[in-house]
Amino acid sequence: MADIDLSSVGKAFAGTPALQDITTRFEDGEFIALLGPSGCGKTTLLRILAGFETPSSGRLRIGGREMANADTGANLPPEDRNIGFVFQSYALWPHMSVRRNVSYPLEIRGLSKAEIARQAGAALAATGLDAYADRMPSDLSGGQRQRVALARCLVSDPCAVLLDEPLANLDVALRASMQGVFTDFHQRTGATMVYVTHDQAEAMAMADRIAVMDQGRIRQFDTPQALYERPQNRFVAEFVGRGTVLPVQAVAASGAALEAEVLGARIAVQAGHGPSRVSHVCLRPENLSIAETGDLRGKVSRITYMGGKYLLEAITACGAKLFLETRARFEVGAQLGLAISSPWAFAED
C-alpha cells in the first residue's frame, strides 16, 4: 500500500482552472473522501491520481514514487501506476463471466493458470461472489456488479484504490448495504482508498478524513466529526450537515470563554480563534432547544418527521432560518422560545 503526496497540483482546461494549488497528503491505509458540489474539481483530482489526466502544474508522488511532474513533463501512464479504479458505470466486459472479468487483469500480466485461479478465487471470496463466479454481468444486480468491479480491482493488489461515485446508480437501500461492503473491503485489505462523492452522508459514514472541495480548491481537510463540529469557513459550515451560519455583531472574552452577540442575544461560543478573529457562528440543530425564557423567539415554518423525532424549521423576527430537533410535535405557525447552547464560531476567509 502507499501514501499519496500532492504538491501545488493544478489543472486547467482551455485556460479555465479546474484545480488550483492542491497541496496535501493522504496517509498510507487511509480511507479518504473527496466531497463537494458538481464542478468543484474532485473527479479531475481523482483522474490525475489515476493518470487519466496530466497536471498543468505541481507534482504527484505515490508511495515515494514520482507519478507526475509538470515541471519536467514526467507523467507515468495508468497501467504503470499499480492503482485500482472503480468506475460509476462498473465497466465490466459483458461477454465475460464474473470469474473471467475478475481474472482478466492477471491474464494480461501473464501469470500462470494456477496463480490466476488462486488470486481470482481469493478476490471473489473477499467480495462474497463465490456463488456468482460463473454468471454473466447481465444476470447480476447493480450491487453485485459493483462488487465484481471491486473484486477486479482487488485482484491486482493495487497500492491505492480510486472510486469515482461508485454508488451513484444504486437505489437508496442498496447504497446503504454497499457502504458496508466498501468499509469491510478497506478494513480487510488496508488499502489506501480515495472515494469521490457529492453525497455527504456516504462520505461521513465511511471516510477517515474528508477533503471538502469548492472551485478547484480544498476548503477543509479533516475528520467527519471536525468538519461537522468545527468548520473553518462559511462554505464548509453550510455544505456539511444541516445548520445556519449567522454573523456575529460583537465578541468578547469572558475569562477563558468567549461570548458573542448573535441575533441580539449574548451567548457563549466555542472557537478556534481569539475574539478578534471571530466573525460568524454555525448553529446546528443540537445547539438549539425549546425554552420559554430562551435567547430569542422563532415561528415554526416547516415540520419534517425523521423517525422518532421531528426536524423543525423556525424563522426569527429578523428572517433567520433555524433548525432544531424535538420529540414533541408542533404545528406550523407555533411561536417558540429558543435557547442557544455553545455554537461553533469561526473567522470567514
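Applying a threshold of 7 Å to beta carbon distances and a minimum spacing of six or more residues, or different chains, the list of pairs starting in region 320-339 at a residue that is of a type in the set (S, T, N, Q) and ending at one that is surrounded by 16 or more Cβ atoms within 10 Å (Cβ to Cβ) reads THR326/ILE290; THR326/TYR310; THR326/LEU312.
Okay, residues lined up against (1) under 20 Å from the mean Cα position of the chain (by Cα); (2) part of a loop (DSSP other than H, G, I, E, B); (3) crowded, with 19+ Cβ neighbours inside 10 Å:
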| residue | (1), (2), (3) |
| --- | --- |
| ARG100 | no, no, no |
| LEU106 | no, no, yes |
| GLY110 | no, yes, no |
| ALA149 | no, no, yes |
| ASN169 | yes, yes, no |
| LEU174 | yes, no, no |
| GLN179 | yes, no, no |
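Going by the structure shown, is ASP171 within 30 Å of ILE22 (Cα to Cα) and in the same structural domain as ASP80 (by TED's automatic domain parsing)? Judged against the criteria, ASP171 is not a match. Quick one: is ALA131 surrounded by fewer than 20 Cβ atoms within 10 Å (Cβ to Cβ), farther than 26 Å from PHE26 by Cβ and without any contact (Cβ under 8 Å) to a residue 24 or more places away in the chain? So ALA131 fits the description; yes. Would you point out the residue of region 225-244, among those that are aliphatic (A, V, I, L, M) and surrounded by 21 or more Cβ atoms within 10 Å (Cβ to Cβ), that is nearest to VAL278 (Cα to Cα)? So the residue we want is ALA237.
Being of a type in the set (Ser, Thr, Tyr) and touching a residue at least 24 places away in the same chain (Cβ under 8 Å) is the filter; apply it to region 277-304 and report the residue that is nearest to GLU238 (Cα to Cα).
In this case the residue turns out to be SER279.
Summed over region 292-334, the residues that are surrounded by 11 or more Cβ atoms within 10 Å (Cβ to Cβ) and either part of a strand (DSSP E or B) or not assigned by TED's automatic domain parsing to the domain that holds GLY274 (or both) give a count of 22.
Taken over region 185-232, the criterion of being assigned to a strand (DSSP E or B), among the polar types (S, T, N, Q) and closer than 18 Å to GLY41 by Cα is satisfied by THR197, GLN220. Name the residue that is surrounded by the most Cβ atoms within 10 Å (Cβ to Cβ), counting only residues in region 55-66 that are at pLDDT 95 or above and closer than 16 Å to LEU162 by Cβ. That would be LEU60.
Matching residues to (1) within 17 Å of PHE87 (Cα to Cα); (2) among the aromatic types (Phe, Trp, Tyr); (3) out of contact with any Leu (no Cβ under 6 Å at 6 or more places or on another chain):
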site	(1), (2), (3)
GLY142	yes, no, no
ASP157	no, no, yes
ASN169	yes, no, yes
PHE182	yes, yes, yes
ASP199	yes, no, yes
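Scanning region 205-248 for residues that are of a type in the set (Phe, Trp, Tyr) and touching a residue at least 60 places away in the same chain (Cβ under 8 Å) gives PHE221, PHE239. The residues of region 19-42 that are farther than 17 Å from THR192 by Cα and surrounded by fewer than 20 Cβ atoms within 10 Å (Cβ to Cβ), listed by number, are GLN20, ASP21, THR23, PRO37, SER38, GLY39.
Select from region 255-277 the residues that are in a loop (DSSP other than H, G, I, E, B) and of a type outside the set (A, V, I, L, M) and list them in ascending order.
Once the filter is applied, which keeps residues that are in a loop (DSSP other than H, G, I, E, B) and of a type outside the set (A, V, I, L, M), region 255-277 yields GLY255, GLY264, GLY272, HIS273, GLY274, PRO275, SER276, ARG277.
Out of the residues in region 133-143 that are in a helix (DSSP H, G or I) and out of contact with any Ser or Thr (no Cβ under 9 Å at 6 or more places or on another chain), state the one that is farthest from HIS95 (Cα to Cα). Outline the logic, then answer.
First, pick out the residues of region 133-143 that are in a helix (DSSP H, G or I): 137-139, 142-143.
After this cut, where a residue has to be out of contact with any Ser or Thr (no Cβ under 9 Å at 6 or more places or on another chain) as well, the list is 138-139, 142.
Working: SER138: 9, ASP139: 12, GLY142: 17 Å.
Per the criteria, the residue is GLY142.
Sub-9 Å Cβ pairs linking a first residue in region 144-163 that is not assigned by TED's automatic domain parsing to the domain that holds THR192 to a second residue that is acidic (Asp, Glu) and assigned to a helix (DSSP H, G or I), at least 6 apart or interchain, number zero.
Within region 196-224, the residues that satisfy the criterion of being out of contact with any Pro (no Cβ under 8 Å at 6 or more places or on another chain), buried (at least 18 other Cβ atoms within 10 Å of the Cβ) and either at positive phi or not basic (Lys, Arg) (or both) are VAL196, THR197, GLN200, GLU202, MET206, ALA211, VAL212, MET213, ILE218, PHE221, ASP222, PRO224.
The values are calculated or read from the model by the stated rules, or taken from the named source; none is laboratory data. Computed from a predicted model, the values in this text were never measured in an experiment. With ideal geometry, Cβ positions are generated from the backbone for all residues, glycine too; neighbour counts draw on all protein chains shown.
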